[in-house]
Amino acid sequence: LREAAGAVRSALEAFKGHGLSGKRQTQYELDLVADEAACAVLLGAGHSVFSEESGRRGDGNLLVVNDTVDGSTNADRGIPFFCVSLCMLDDDGPLVSLVESLPTGVVYEAVRGCGATCDGVAIATSGAVEEDGIVVGVNGILTARPPWAQVRTMGAAALEICLVAGGALDAYVQAGGAAIHAWDYLAAMQIVQEAGGCVRSEDGSDLVIRTTEQRRPVVAATTELCDALMAHAPF
(Lines give C-alpha, C1' and ligand atoms only; values in the text may rest on other atoms or scores of the structure.)
Protein backbone atom coordinates (compact mmCIF):
# COMPACT_ATOMS: atom_id res chain seq x y z
CA LEU A 1 0.00 0.00 0.00
CA ARG A 2 2.87 2.36 0.74
CA GLU A 3 4.38 1.63 -2.64
CA ALA A 4 1.04 2.32 -4.36
CA ALA A 5 0.63 5.60 -2.49
CA GLY A 6 4.15 6.59 -3.50
CA ALA A 7 3.34 5.83 -7.13
CA VAL A 8 0.30 8.10 -6.92
CA ARG A 9 2.33 10.89 -5.38
CA SER A 10 5.00 10.65 -8.09
CA ALA A 11 2.43 10.50 -10.90
CA LEU A 12 0.63 13.61 -9.67
CA GLU A 13 3.87 15.52 -9.19
CA ALA A 14 4.68 14.87 -12.85
CA PHE A 15 1.15 15.58 -14.12
CA LYS A 16 0.63 19.03 -15.63
CA GLY A 17 -2.97 18.67 -16.82
CA HIS A 18 -6.16 20.16 -15.49
CA GLY A 19 -9.93 19.73 -15.69
CA LEU A 20 -12.53 17.01 -16.08
CA SER A 21 -11.83 13.82 -18.00
CA GLY A 22 -15.11 13.96 -19.93
CA LYS A 23 -15.56 10.21 -19.41
CA ARG A 24 -17.60 10.27 -16.21
CA GLN A 25 -19.33 12.99 -14.22
CA THR A 26 -17.02 14.59 -11.62
CA GLN A 27 -14.02 12.55 -12.84
CA TYR A 28 -10.87 14.59 -13.42
CA GLU A 29 -7.87 13.89 -15.60
CA LEU A 30 -5.76 13.63 -12.47
CA ASP A 31 -8.03 10.82 -11.20
CA LEU A 32 -7.12 8.69 -14.22
CA VAL A 33 -3.40 9.41 -13.89
CA ALA A 34 -3.41 8.51 -10.19
CA ASP A 35 -5.52 5.39 -10.68
CA GLU A 36 -3.25 4.02 -13.38
CA ALA A 37 -0.21 4.49 -11.15
CA ALA A 38 -1.73 2.81 -8.10
CA CYS A 39 -3.34 -0.08 -9.96
CA ALA A 40 -0.10 -0.91 -11.74
CA VAL A 41 1.54 -1.49 -8.34
CA LEU A 42 -1.38 -3.33 -6.74
CA LEU A 43 -2.17 -5.60 -9.68
CA GLY A 44 1.52 -6.19 -10.22
CA ALA A 45 1.75 -7.44 -6.63
CA GLY A 46 -0.95 -10.03 -7.37
CA HIS A 47 -3.85 -8.35 -5.58
CA SER A 48 -7.35 -7.66 -6.84
CA VAL A 49 -8.44 -4.03 -7.08
CA PHE A 50 -11.80 -2.32 -6.67
CA SER A 51 -11.26 1.24 -7.83
CA GLU A 52 -13.54 4.24 -8.10
CA GLU A 53 -12.08 5.05 -11.49
CA SER A 54 -11.60 1.64 -13.16
CA GLY A 55 -13.87 -0.81 -11.34
CA ARG A 56 -12.87 -4.30 -10.25
CA ARG A 57 -9.86 -6.03 -11.74
CA GLY A 58 -7.50 -8.88 -10.90
CA ASP A 59 -8.06 -12.27 -9.31
CA GLY A 60 -5.93 -12.12 -6.16
CA ASN A 61 -7.30 -13.33 -2.82
CA LEU A 62 -6.78 -9.91 -1.23
CA LEU A 63 -8.88 -7.03 -2.56
CA VAL A 64 -7.67 -3.43 -2.34
CA VAL A 65 -10.51 -0.91 -2.37
CA ASN A 66 -8.98 2.34 -3.53
CA ASP A 67 -9.75 5.96 -4.12
CA THR A 68 -6.46 7.26 -5.42
CA VAL A 69 -7.51 10.90 -5.16
CA ASP A 70 -10.23 11.38 -2.57
CA GLY A 71 -11.07 15.07 -2.82
CA SER A 72 -10.19 15.35 -6.51
CA THR A 73 -12.20 18.58 -6.89
CA ASN A 74 -9.96 20.07 -4.21
CA ALA A 75 -6.89 18.74 -6.02
CA ASP A 76 -7.96 20.11 -9.40
CA ARG A 77 -8.77 23.53 -7.93
CA GLY A 78 -5.57 23.78 -5.92
CA ILE A 79 -7.20 23.37 -2.50
CA PRO A 80 -4.60 21.51 -0.40
CA PHE A 81 -6.88 18.93 1.19
CA PHE A 82 -7.00 15.60 -0.67
CA CYS A 83 -5.58 12.13 -0.21
CA VAL A 84 -5.01 8.61 -1.46
CA SER A 85 -7.13 6.02 0.35
CA LEU A 86 -6.31 2.29 0.22
CA CYS A 87 -7.99 -0.51 2.17
CA MET A 88 -6.96 -4.15 1.79
CA LEU A 89 -9.78 -6.62 2.51
CA ASP A 90 -9.66 -10.33 3.25
CA ASP A 91 -12.61 -12.62 3.97
CA ASP A 92 -13.03 -11.05 7.43
CA GLY A 93 -13.06 -7.43 6.26
CA PRO A 94 -10.47 -4.63 6.46
CA LEU A 95 -7.00 -6.05 7.08
CA VAL A 96 -4.62 -3.17 6.37
CA SER A 97 -5.41 0.46 5.55
CA LEU A 98 -3.50 3.55 4.49
CA VAL A 99 -4.63 7.14 3.96
CA GLU A 100 -2.02 9.69 2.88
CA SER A 101 -2.57 13.42 2.61
CA LEU A 102 -0.99 14.15 -0.75
CA PRO A 103 -0.32 17.88 -0.15
CA THR A 104 1.33 17.35 3.25
CA GLY A 105 2.65 13.77 3.17
CA VAL A 106 0.99 12.92 6.50
CA VAL A 107 0.21 9.19 6.55
CA TYR A 108 -2.42 7.38 8.60
CA GLU A 109 -2.19 3.59 8.82
CA ALA A 110 -3.90 0.70 10.57
CA VAL A 111 -3.47 -3.06 10.75
CA ARG A 112 -6.23 -5.24 12.16
CA GLY A 113 -5.74 -5.67 15.90
CA CYS A 114 -2.59 -3.54 15.99
CA GLY A 115 -3.92 -0.02 16.51
CA ALA A 116 -3.62 3.04 14.29
CA THR A 117 -0.76 5.43 13.62
CA CYS A 118 -0.08 8.84 12.10
CA ASP A 119 3.41 9.09 10.63
CA GLY A 120 4.34 6.00 12.62
CA VAL A 121 3.15 7.32 16.00
CA ALA A 122 0.19 5.67 17.74
CA ILE A 123 -2.97 7.77 17.73
CA ALA A 124 -6.27 7.78 19.60
CA THR A 125 -9.55 9.64 19.23
CA SER A 126 -10.46 12.66 21.36
CA GLY A 127 -12.54 10.51 23.70
CA ALA A 128 -15.50 12.88 23.53
CA VAL A 129 -18.72 11.32 24.82
CA GLU A 130 -21.16 14.25 24.73
CA GLU A 131 -22.25 16.54 21.88
CA ASP A 132 -21.70 19.83 23.70
CA GLY A 133 -18.50 21.46 22.55
CA ILE A 134 -17.60 18.98 19.82
CA VAL A 135 -16.21 19.82 16.38
CA VAL A 136 -17.79 17.76 13.59
CA GLY A 137 -16.77 17.15 10.01
CA VAL A 138 -19.76 17.26 7.66
CA ASN A 139 -20.29 15.97 4.14
CA GLY A 140 -23.23 17.79 2.57
CA ILE A 141 -25.29 20.67 3.90
CA LEU A 142 -26.85 20.54 7.36
CA THR A 143 -30.63 20.93 7.44
CA ALA A 144 -30.82 21.28 11.22
CA ARG A 145 -28.82 22.98 13.96
CA PRO A 146 -27.37 20.31 16.24
CA PRO A 147 -25.91 21.21 19.66
CA TRP A 148 -22.31 21.15 18.41
CA ALA A 149 -19.65 23.81 18.88
CA GLN A 150 -18.46 23.98 15.25
CA VAL A 151 -18.52 22.13 11.94
CA ARG A 152 -16.00 21.66 9.15
CA THR A 153 -16.78 20.77 5.51
CA MET A 154 -13.52 20.06 3.72
CA GLY A 155 -14.34 17.82 0.77
CA ALA A 156 -12.26 14.66 1.31
CA ALA A 157 -14.10 12.05 3.36
CA ALA A 158 -11.20 9.70 4.03
CA LEU A 159 -8.97 12.47 5.34
CA GLU A 160 -11.75 13.99 7.45
CA ILE A 161 -12.52 10.60 9.02
CA CYS A 162 -8.82 10.18 9.81
CA LEU A 163 -8.96 13.50 11.65
CA VAL A 164 -11.46 11.81 13.95
CA ALA A 165 -8.99 8.97 14.48
CA GLY A 166 -6.31 11.45 15.50
CA GLY A 167 -8.56 13.56 17.73
CA ALA A 168 -8.60 16.76 15.65
CA LEU A 169 -12.31 16.21 14.91
CA ASP A 170 -14.69 14.56 17.34
CA ALA A 171 -17.07 13.18 14.71
CA TYR A 172 -17.97 13.05 11.02
CA VAL A 173 -21.46 12.73 9.52
CA GLN A 174 -23.45 12.86 6.28
CA ALA A 175 -25.97 15.69 5.96
CA GLY A 176 -28.76 16.80 3.67
CA GLY A 177 -29.06 13.44 1.93
CA ALA A 178 -25.34 13.09 1.20
CA ALA A 179 -23.80 9.61 1.03
CA ILE A 180 -20.40 8.17 0.13
CA HIS A 181 -18.94 5.01 -1.41
CA ALA A 182 -16.88 2.26 0.18
CA TRP A 183 -13.69 3.55 -1.45
CA ASP A 184 -14.29 6.88 0.32
CA TYR A 185 -14.55 5.49 3.84
CA LEU A 186 -13.28 1.90 4.27
CA ALA A 187 -9.62 2.69 4.92
CA ALA A 188 -10.38 5.59 7.24
CA MET A 189 -13.07 3.55 8.99
CA GLN A 190 -10.53 0.90 9.98
CA ILE A 191 -8.12 3.57 11.12
CA VAL A 192 -10.79 5.14 13.35
CA GLN A 193 -11.81 1.79 14.79
CA GLU A 194 -8.21 0.86 15.55
CA ALA A 195 -7.81 4.28 17.21
CA GLY A 196 -10.69 3.51 19.58
CA GLY A 197 -13.52 5.22 17.72
CA CYS A 198 -16.93 4.05 16.54
CA VAL A 199 -18.28 3.87 12.98
CA ARG A 200 -21.86 2.93 12.12
CA SER A 201 -24.15 3.19 9.13
CA GLU A 202 -26.99 5.63 9.70
CA ASP A 203 -29.58 3.03 8.63
CA GLY A 204 -27.86 0.03 10.18
CA SER A 205 -26.67 -1.46 6.88
CA ASP A 206 -23.30 -3.17 6.50
CA LEU A 207 -20.43 -0.79 5.84
CA VAL A 208 -17.95 -3.41 4.63
CA ILE A 209 -19.15 -3.74 1.06
CA ARG A 210 -17.54 -4.53 -2.27
CA THR A 211 -20.12 -2.83 -4.49
CA THR A 212 -20.86 0.64 -5.86
CA GLU A 213 -23.68 1.19 -3.36
CA GLN A 214 -23.47 4.28 -1.18
CA ARG A 215 -23.66 4.50 2.59
CA ARG A 216 -24.16 7.18 5.25
CA PRO A 217 -21.51 6.45 7.89
CA VAL A 218 -21.61 8.15 11.26
CA VAL A 219 -18.12 8.37 12.73
CA ALA A 220 -17.46 9.30 16.35
CA ALA A 221 -14.68 9.36 18.91
CA THR A 222 -16.58 6.98 21.22
CA THR A 223 -19.55 4.64 21.24
CA GLU A 224 -21.37 7.04 23.58
CA LEU A 225 -20.95 9.95 21.20
CA CYS A 226 -22.00 7.79 18.26
CA ASP A 227 -25.20 6.86 20.14
CA ALA A 228 -25.93 10.55 20.72
CA LEU A 229 -25.32 11.45 17.08
CA MET A 230 -27.45 8.59 15.76
CA ALA A 231 -30.37 9.93 17.81
CA HIS A 232 -30.36 13.07 15.60
CA ALA A 233 -30.11 11.32 12.23
CA PRO A 234 -30.79 12.19 9.50
CA PHE A 235 -28.88 15.43 9.75
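Using a 10 Å cut-off on Cβ atoms, rank the peptides 96-102, 155-161, 21-27 from the highest mean neighbour count down. Present the calculation step by step, with values, prior to reporting the outcome.
On the way: 96-102: 24.7, 155-161: 26.9, 21-27: 11.3.
Those peptides, ordered most packed to least, come out 155-161, 96-102, 21-27.
If you put +1 on each Lys and Arg Cβ and -1 on each Asp and Glu Cβ, how big is the dipole of the chain around its Cα centre, in Debye rounded to 20?
On the way: 15 positive and 31 negative charges, 97 e Å.
Here the chain has a charge dipole of around 460 debye.
Can you pull the percent of the chain's accessible area that's carbon plus sulfur, 1.4 Å probe, other chains left in place? Kindly include the intermediate steps, with their values, before the conclusion.
Values: 5010 of 10120 Å².
Its accessible area is 50 percent carbon and sulfur atoms.
Would you calculate a helix-derived [θ] at 222 nm for the chain, using -39,500 (n - 2.57) for each DSSP H run of n ≥ 4 and dividing by the full residue count, to the nearest 500?
Numbers: 6 runs with 65 residues, N = 235.
Rounded to the nearest 500, it is -8500 deg cm²/dmol.
Have a look at 212, 223, 199 and report the one farthest towards the positive end of the charge dipole of region 188-227, computed about the Cα centre with Cβ charges (Lys/Arg +1, Asp/Glu -1).
212
Would you grab the residues whose amide H sits under 5 Å from the one on residue 218? Only those 5+ places off in sequence or on another chain, please, with H modelled 1.01 Å from N.
Counting only residues 5 or more places away or on other chains, the set is 200, 201, 202.
Taking the structure as given and computing semi-axes √(5λ) of the Cα gyration tensor in Å, which label from [x] 24, 22, 18; [y] 39, 23, 15; [z] 27, 19, 16 fits?
Read-out from the structure maps to [z].
Each residue of region 132-147 in order: what ³J(HN,Hα) in whole Hz does its phi give by Karplus 6.51 cos²θ - 1.76 cosθ + 1.60, θ = phi - 60°, with x for Gly and Pro?
In residue order, the calculated couplings are 4, x, 7, 10, 10, x, 10, 9, x, 10, 4, 9, 9, 10, x, x Hz.
Can you give me the solvent accessible area of residue 50 with a 1.4 Å probe, rounded to the nearest 10 Å²?
10
Mind ranking 122-128, 196-202, 207-213 by how tightly packed they are, going by the mean number of other C-beta atoms within 10 angstrom, highest first? Intermediate results must be reported in sequence, preceding the final value.
Details: 122-128: 18.7, 196-202: 20.4, 207-213: 13.3.
By packing density, highest mean first, the sequence is 196-202, 122-128, 207-213.
Quickly work out the residue 211-to-residue 16 label distance, labels modelled 7 Å from Cα along the C-beta direction, and quote it in nm with one decimal.
So the label points at residue 16 and residue 211 sit 4.5 nm apart.
How many Å² of accessible area per residue for the chain, probe 1.4 Å? All intermediate terms of the calculation are to be shown ahead of the outcome.
Working: 10120 Å² over 235 residues.
Heavy-atom accessible area per residue stands at 43 Å².
For region 1-143, what is the relative contact order in percent, using Cα pairs closer than 8 Å and at least 6 residues apart in sequence? Don't jump to the answer; show the numbers that get you there.
Values: 244 pairs, mean separation 20.0, N = 143.
Worked out over region 1-143, it gives 14 percent.
With a 1.4 Å probe and every protein chain left in place, tell me how much accessible area residue 43 has, in Å² to the nearest 10.
Roll a 1.4 Å probe over it and residue 43 shows about 60 Å².
Identify, among 97, 45, 68, the residue whose Cα sits farthest towards the positive end of the charge dipole of the chain, taking +1 on the Cβ of Lys and Arg and -1 on the Cβ of Asp and Glu, with the dipole about the Cα centre.
68
The values are calculated or read from the model by the stated rules, or taken from the named source; none is laboratory data. Predicted, not measured: the structure shown is a model, and the values here were computed from it. Glycine gets a Cβ as well: all are built from the backbone with ideal geometry, and neighbour counts include every protein chain shown. Please note that ligands, DNA and RNA were not included when accessible areas were found on the heavy atoms of the full protein model with its side chains. Shrake-Rupley method; radii C 1.70, N 1.55, O 1.52, S 1.80 Å.
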